[in-house]
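Just below is one structure, and these are the notes that go with it.
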Amino acid sequence: MTRDELVDKMIAFAKTIWSQFWQALPDEQRLRLGGMEEEIRAVSRSLEEGIWAIFAESLDKLAIELSGQCECGQRRERRSDSVEVALLGYRVRFPCTYLYCRACHRGTNPVRQWLGLEHGGVSLAFERALTDLTTRMTFGDAVDSMEEHHEQKVDRTKAERVTYHSNRQTQPASAVESPSQHSKD
Ligand SMILES: [Zn+2]
């Protein structure tokens, strides 16, 4: 299914429930551009968060599918784990099951590897937006600006850490690797 097809299906469903939602809003909101701008933005934001959660579940499911069994043939033990990632505008908690072989004493956490969390639990877009600000203003002003423009509270210490980490990098952060590269972990 393509992106357009996915969105078409979602819109078709939204149409079936739209009037119940829209009619329940007060007139001063539902008949005004400003009111609906605020409302639709809030809906989009929640929707995006929900889609991120679906993606996160899919990743963990795939990790178990691909790495549930060790190279030695044993079924790997599973330990639930999760990690919170700062994306631009959101925080998403990713389940990332740790898979461990008792026979080989070797473990793997494919989701953490795919997400590239050696970058401190932030996405590249988040890192870019933040370092763009911290190179132009003080850390204090930068965290205020992140909150104002991206509705994202950032801890000042975290802002410093991400900036220093980013400055140390000579290469851009690597893209998410494809699952096939880890199928034999
Ligand atoms: Zn094994």
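Only the coordinates and a few stated rules stand behind these numbers; no lab work does. Everything numeric here is computed off the predicted structure, so don't read it as measured data. Counting neighbours? That spans all protein chains shown, and the Cβs are built from the backbone with ideal geometry, glycine included.
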Going by the conditions given, is Val83 aliphatic (A, V, I, L, M) and touching a residue at least 12 places away in the same chain (Cβ under 8 Å)?
yes
In the stretch 95-112, what residues are in contact with a Phe, Trp or Tyr (Cβ under 9 Å, 6 or more places away or on another chain), within 16 Å of the ligand (Cβ to nearest atom) and closer than 21 Å to Leu124 by Cα?
Asn109
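Residue check: is Arg41 within 21 Å of Arg161 (Cβ to Cβ) and either more than 16 Å from the ligand (Cβ to nearest atom) or of a type in the set (S, T, N, Q) (or both)?
Working: within 21 Å of Arg161 (Cβ to Cβ): no; either more than 16 Å from the ligand (Cβ to nearest atom) or of a type in the set (S, T, N, Q) (or both): yes.
Judged against the criteria, Arg41 is not a match.
Out of all the residues in the stretch 1-37, which are among the hydroxyl-bearing types (Ser, Thr, Tyr) and more than 17 Å from Ile51 (Cβ to Cβ)?
Let us first name the residues in the stretch 1-37 that are among the hydroxyl-bearing types (Ser, Thr, Tyr), namely 2, 16, 19.
Scanning the stretch 1-37 gives Thr16, Ser19.
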Given the conditions (1) more than 26 Å from Met146 (Cβ to Cβ); (2) without any contact (Cβ under 8 Å) to a residue 40 or more places away in the chain, report the number of the one that Leu66 does not fulfil.
(2)
Residue in the stretch 111-144 that is surrounded by the fewest Cβ atoms within 10 Å (Cβ to Cβ), counting only those that are more than 24 Å from Val83 (Cβ to Cβ) and of a type in the set (D, E, K, R):
Arg136
In the stretch 78-89, is there at least one residue being among the polar types (S, T, N, Q) and surrounded by fewer than 16 Cβ atoms within 10 Å (Cβ to Cβ)?
yes
Flagged pairs (Cβ under 9 angstrom, 6 or more apart or on separate chains; first in the stretch 6-26, exposed (fewer than 10 other Cβ atoms within 10 Å of the Cβ); second in a helix (DSSP H, G or I)) are Gln23/Arg30; Ala24/Arg30; Pro26/Gly35
For the stretch 52-70, does any single residue satisfy the condition of being of a type outside the set (Gly, Ala, Ser), within 16 Å of the ligand (Cβ to nearest atom), surrounded by 16 or more Cβ atoms within 10 Å (Cβ to Cβ) and assigned to a strand (DSSP E or B)?
no
Scan the stretch 86-94 and tell me whether some residue there is away from the ligand (no atom under 16 Å from the Cβ), touching a strand residue (DSSP E or B) at 6+ places or on another chain (Cβ under 9 Å) and assigned to a helix (DSSP H, G or I).
no
